[in-house]
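The values are calculated or read from the model by the stated rules, or taken from the named source; none is laboratory data. Values in this document were obtained by computation on a predicted structure and should not be read as measured data. Neighbour counts run over all protein chains shown; Cβ positions are idealised from the backbone, glycine included. Surface accessibility is based on the protein's heavy atoms, side chains included, excluding ligands, DNA and RNA. Shrake-Rupley method; radii C 1.70, N 1.55, O 1.52, S 1.80 Å.
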Amino acid sequence: MKKILMVLTSHDQLGTTGRKTGAYLGEITHPLEEFKNAGYQIDFVSPRGGAAPLDGVNLEDPINKKWMDDEGFKNQIKTTMRPSDVKSSSYAAIFFAGGHGTMFDFPTDTALAQITSQIYENGGVVGAVCHGPSGLVNIKLSDGSYLVSGKQVSAFSNSEEEAVKLTEQMPFLLESKLKERGALYSKAPNFEPHSVSDQRLVTGQNPASASGVAKKMIAALRD
């Protein structure tokens, strides 16, 4: 069985707002639907392991509802692996789901960075959507270069962060940081779908881009 590792945040506090955050449900379920339909098994990992906090739990979205009615899926979300449990050679791809929580724990997780670079350098595909690319900003390859450097990349834009009034709550702005790392950043108008694939790195701008990222990852896995 071909396997994809999906990374979820463990962080549930939205800056200093007092509001809760977590992994954005639609950025888990919509890619999951694509991956499963393409015949992949999905394992879940989070920086701290165990139960991953969820955000954006909109059950009027039929794909969200389908998976939240699935006891096996809910159990997987409650029992995510720790990075130390992961054997990178078992996975054809790794996918970073978004949610604002990712901005606080993905960038500094050196174990996840190592797993990702190993999967990539083993010929695997790396994907991320919305704030999920925060997990890519500090990943270096064995030649010392940043994974995103010189590659077409998208992620939640500075203007989208401004639109949701969370610019001041973020530890950094994701679009700006990716550009700092040498990424060739592109975006669509706020909250419109936009995803790009470049050299086995697939990224998307926002929740509307989640299934597009998964489709492009599946295409890259078949190349």
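Return the only residue of L14, L59, L8 being under 15 Å from the mean Cα position of the chain (by Cα) and aliphatic (A, V, I, L, M).
L8
Output the residue which, of all residues in the range 27-38 that are open to solvent by less than 30 Å² (accessible area, probe 1.4 Å) and not charged (D, E, K, R), is nearest to G98 (Cα to Cα).
Ranking the qualifying residues of the range 27-38, first place goes to I28.
Quick one: would you say S10 is hydroxyl-bearing (S, T, Y) and either loosely packed, with under 13 Cβ neighbours inside 10 Å or part of a helix (DSSP H, G or I) (or both)?
Answer is no for this residue.
Six or more apart or on different chains, Cβ atoms under 9 Å: show the pairs whose first residue is in the range 89-102 and under 21 Å from R222 (Cβ atoms) and at pLDDT below 95 and whose second is crowded, with 24+ Cβ neighbours inside 10 Å and aromatic (F, W, Y).
Nothing qualifies.
Within the range 120-130, can you find the residues that are free of Cβ contacts under 8 Å to residues at least 60 places away in the same chain and either part of a loop (DSSP other than H, G, I, E, B) or β-branched (V, I, T) (or both)?
The one that is free of Cβ contacts under 8 Å to residues at least 60 places away in the same chain and either part of a loop (DSSP other than H, G, I, E, B) or β-branched (V, I, T) (or both): N122.
How many residues are charged (D, E, K, R), without any contact (Cβ under 8 Å) to a residue 12 or more places away in the chain and part of a helix (DSSP H, G or I) if we restrict to the range 158-179?
Looking only at that region, the number is 2.
Just to verify a result, which residue in the range 156-207, among those that are β-branched (V, I, T) and under 17 Å from the mean Cα position of the chain (by Cα), is farthest from V126 (Cα to Cα)?
V196
Considering T16, T29, which residue is touching a Phe, Trp or Tyr at 6+ places or on another chain (Cβ under 6 Å) and either part of a helix (DSSP H, G or I) or over 19 Å from P207 (Cβ atoms) (or both)?
Just one listed residue meets the conditions, T29.
Of (1) over 18 Å from A128 (Cβ atoms); (2) touching a residue at least 60 places away in the same chain (Cβ under 8 Å), V45 satisfies all except one. Which?
(1)
Could you list, in sequence order, the residues of the range 176-223 that are among the acidic types (D, E) and out of contact with any strand residue (DSSP E or B) (no Cβ under 6 Å at 6 or more places or on another chain)?
Of everything in the range 176-223, those that are among the acidic types (D, E) and out of contact with any strand residue (DSSP E or B) (no Cβ under 6 Å at 6 or more places or on another chain) turn out to be E180, E192, D223.
Being in contact with a Lys or Arg (Cβ under 9 Å, 6 or more places away or on another chain) and either part of a helix (DSSP H, G or I) or open to solvent by less than 50 Å² (accessible area, probe 1.4 Å) (or both) is the filter here, so list the residues in the range 140-152 that pass it.
Scanning the range 140-152 gives L147, V148.
Just give me the residues in the range 176-197 being farther than 16 Å from F96 by Cβ and either acidic (D, E) or open to solvent by 40 Å² or more (accessible area, probe 1.4 Å) (or both), in sequence order.
Matches in the range 176-197: S176, K179, E180, L184, K187, P189, N190, F191, E192, P193, H194.
All but one of (1) hydroxyl-bearing (S, T, Y); (2) surrounded by fewer than 18 Cβ atoms within 10 Å (Cβ to Cβ); (3) touching a Pro at 6+ places or on another chain (Cβ under 7 Å) hold for Y24; which doesn't?
(2)
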